[in-house]
Amino acid sequence: MLANGLVTYECWDLKKLSIPSRSQLYQLEPVGIRTPMVESLTGYIERLAEAHCVPPDVLISRTITPLLKQIFLKSRTSRDLRSLFDRATAINGTGNIVIDLVQALQKLTLIEDLHLLTLLF
């Protein structure tokens with residue numbers, strides 16, 4: 001305290017803080033990027049679903065599928081989702097479904113380079 005009874009406080013910096021973008025899904029880092037032990041995209045989706053405490057089909061149908069640009073499903077009925085899951089082997093490949101899925105996951109997680117979990121270059 002000063003002799004006259006006033007207290008001197010430090011100055012506050014009132015600049016606007018830069019808050020980074022928030023992702024809709026957890027930003028799980030892919031395992032083994034740029035190594036021979038890299039995980040597959042289907043494995044990444046499984047870990048993402050587990051981190052959110054939901055089955056993979058629920059994560060795909062309710063969160064990922066609405067962002068897909070290509071029309072792989074006519075509707076989101078269980079029968080149509082089954083047709084997507086039947087093509088799960090293509091998810092780690094090089095087709096249009098993979099490109100679309102990777103873009104949707106990158107938008108949801110804000111993680112770049114998810115194409116490295118597939119056969120895309």
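Quick note: the coordinates plus some simple rules give every number you see, no bench work behind them. These figures come from a predicted structure and were not determined experimentally. Neighbour counts run over all protein chains shown; Cβ positions are idealised from the backbone, glycine included.
So the values come out like this:
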item: Sequence of Glu39, Glu112 once ranked by neighbouring C-beta atoms within 10 Å, starting from the fewest; result: Glu112, Glu39
item: Least to most buried among His115, His52 (fewest other Cβ within 10 Å first); result: His52, His115
item: Separation of the Thr94 and Thr35 label points, Cα + 7 Å toward Cβ, nm; result: 2.6 nm
item: Separation of the His52 and Leu6 label points, Cα + 7 Å toward Cβ, nm; result: 5.6 nm
